Amino acid sequence: MQLGYGLYQQQTQKLIMTPELRQAITILQFPAIELTEYLHQQIVENPVFDIEDKEMERYEFFYQNSRKSLGVMKADEEEFNIWDRIATPTATLEEYLLEQARFLAIDNRQFHILKFIIGNLDDSGYLTIPLTDLAKQLQVNLSEIEQALTQLHSLEPVGVGARNLQENLLLQLKKMDPIDEKAIKIVSHHLTDLGEKRFQKIAQALGISLLEVQQCADLIKTLNPSPAYGFQNGTARYILPDITIEKIEGEYIVIVNDTLVPRLKINSYYRQYIQTHGQEGEASKYILDKLNAAEWLVKSIEQRRNTLYKVTNAILKYQRQFFETKQLKPLTLKTIAEEIGVHESTVSRATNQKYVQTPIGIFELKYFFNTGVATSSGEVTSAENVKELIKKVVDGENKQKPLSDQKIVELLQQEGIEISRRTVAKYRDELGILSSSKRKRF
């Protein structure tokens with residue numbers, strides 16, 4: 001075999017990631033709220049932009065409130081109606097606890113220790129910082145921290161300030177009337193066994209029947225694992241749908257919601273300056289650079305709008321039946337990409353963290369993409385539809401004799417769904433349904 005050297009010409013295509021292209025990709029990825037914030041920043045940084053006073057006032061109101069509550073909007077609503085639909089923020093857990101603490105019979109020093117502990121609760125209402133660390137930070141005795149924690153445990157919601165799940169459940173059980181001593185023993189000594197449904201082991205250890213263990217388990221299930229559930233954690237944001245699908249005279253139409261996005265205008269003064277003074281000189285070069293950046297930004301925003309419209313329209317074409325029957329069809333990013341003539345990654349970016357308001361509710365755009373499962377008729381149904389069938393089957397089973405995964409496979413086959421036992425187990429796990437041995441009741 002003879003080796004040799006030679007000089008060859010070869011043409012290759014290579015995409016260069018310019019700052020402008022990177023910006024366009026970023027803008028496409030932004031949901032409406034983040035896009036609004038980003039544009040506000042660009043308006044501040046680029047002097048060639050103009051924004052009408054009315055637009056700025058509307059933006060400022062939105063920007064100041066976007067972290068305080070949850071709201072939705074329709075593209076065709078009047079401006080004041082948009083704000084009417086913003087939900088009033090509920091109290092935070094910290095505010096709720098401090099309001100109760102003010103009525104406790106404690107002195108000013110004890111109140112400030114309690115307030116400090118409340119301020120160190122995590123988003124679930126648990127106290128995960130060691131008491132010794134809190135005592136050091138406040139420079140108080142450990143006994144004072146322990147006393148304040150006891151006071152915290154007397155407040156609502158019951159379980160707040162617990163150091164772990166076990167303590168949280170025990171605090172709730174001890175507040176019940178009458179107190180269930182068997183349930184307290186199970187949580188105190190057999191919580192892991194309870195989680196694994198090892199009822200036989202618990203019954204033998206406590207000398208009680210399987211039925212009594214089952215009754216205690218049912219009681220414990222009613223307890224709240226997250227004391228802060230239902231309270232705002234201070235970081236809530238609007239879910240502002242980027243798109244609206246409306247049904248008008250029997251036809252569905254797509255509307256891109258850009259009501260709150262600032263309308264960018266380029267001040268004509270700067271173009272006139274370039275025409276008058278030319279492109280040379282430090283001032284002209286600076287202005288020209290800002291003009292180019294502004295024009296590219298405006299173009300990127302319009303491109304984002306067009307892409308969102310095309311992607312949603314294509315989704316509507318394939319999933320129109322969903323808005324009538326709530327039955328999804330199998331659909332992939334690749335299918336939509338081919339439909340509108342873009343790369344699959346573009347569809348992924350356009351649908352990521354984007355929400356659509358429809359006549360039947362608000363959905364994340366990615367909700368409409370799912371894999372398919374073959375049927376005996378040769379057609380394909382969506383994985384979501386199969387999951388619904390599995391849930392329906394399990395909901396209707398005999399709880400004393402729960403169905404195995406293989407039995408579920410056989411029942412689905414009777415419905416024309418061709419599926420493996422492994423896939424049933426996978427879908428069951430995704431639905432949060434336990435295995436048959438752990439679903440059994442006594």
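We did not get these values from a lab; they are worked out from the coordinates using the rules stated. No experiment lies behind these values; they were computed from the predicted model shown. Cβ atoms come from the backbone with ideal geometry, glycine included; neighbour counts cover every protein chain shown.
Whole-Hz Karplus ³J(HN,Hα) for the range 345-357, in order, using 6.51 cos²θ - 1.76 cosθ + 1.60 and θ = phi - 60°, x for Gly and Pro?
5, 5, 5, 4, 5, 5, 9, 6, 6, 9, 10, 10, 8
Output the pairs from LYS290/LYS366; LYS221/LYS392; LYS115/LYS175; LYS247/LYS392; LYS201/LYS387; LYS326/LYS399 with a Cα-Cα distance over 25 Å in this structure; if there are none, say none.
Values: LYS290/LYS366 36 Å; LYS221/LYS392 21 Å; LYS115/LYS175 23 Å; LYS247/LYS392 30 Å; LYS201/LYS387 33 Å; LYS326/LYS399 28 Å.
Going by Cα-Cα distance, LYS290/LYS366; LYS247/LYS392; LYS201/LYS387; LYS326/LYS399 fall outside the 25 Å limit.
Calculate the FRET efficiency for ILE360 and GLU430 from the Cβ-Cβ distance with a Förster distance of 25 Å, rounded to the nearest 0.05. Please report the intermediate quantities before stating the final value.
On the way: r = 23 Å, r/R0 = 0.90.
E between ILE360 and GLU430, to the nearest 0.05, is 0.65.
Kirkwood Rh over alpha-carbon pairs of the range 301-442, then Stokes-Einstein at 37 °C and 0.692 mPa s: what D in µm² s⁻¹, rounded to an integer? Intermediate values should be presented prior to the final figure.
On the way: Rh = 16.9 Å.
Answer, rounded: 194 µm²/s.
Summing +1 for each Lys or Arg and -1 for each Asp or Glu, what net charge is found among the other residues whose Cβ lies under 15 Å from the Cβ of GLU181? Walk me through the intermediate numbers first.
On the way: positive: LYS174, LYS175, LYS182, LYS185; negative: ASP177, ASP180, GLU212.
The answer is +1.
Expressed in nm to one decimal, what extension gain is obtained for the pair ARG271 and GLN303 from 0.36 nm per residue of sequence separation less their Cα-Cα distance?
On the way: separation 32, 0.36 × 32 = 11.52 nm, distance 2.32 nm.
Extending this stretch completely gives an extra 9.2 nm.
Calculate the FRET efficiency for GLU20 and ASP180 from the Cβ-Cβ distance with a Förster distance of 56 Å, rounded to the nearest 0.05. Write down the numbers at each step before the final one.
Values: r = 66 Å, r/R0 = 1.18.
Working from the Cβ atoms, E equals 0.25.
Which values, in whole Å and largest first, are the semi-axes of the equivalent ellipsoid of the range 252-297 obtained as the square root of 5 times each eigenvalue of the Cα gyration tensor?
Value: 33, 10, 8 Å, ordered largest first.
In the range 295-350, which chymotrypsin sites (Phe, Trp or Tyr not before Pro) fall in coil by DSSP and have 14 or fewer other Cβ atoms within 10 Å?
Details: sites: TRP296, TYR309, TYR318, PHE322, PHE323; in loops: none.
Loop-located and lightly packed - none at all.
Strictly greater than 27 Å: what percent of every Cα pair in the range 93-221 meets that? It would help to have the intermediate numbers written out before the result.
Details: 2604 of 8256 pairs.
Here the tail beyond 27 Å accounts for 32 percent of pairs.
Any chance you could list P(r) for the range 372-439, counting all Cα-Cα pairs in 5 angstrom bins from zero, rounded to whole %?
3, 18, 33, 26, 13, 5, 2, 0
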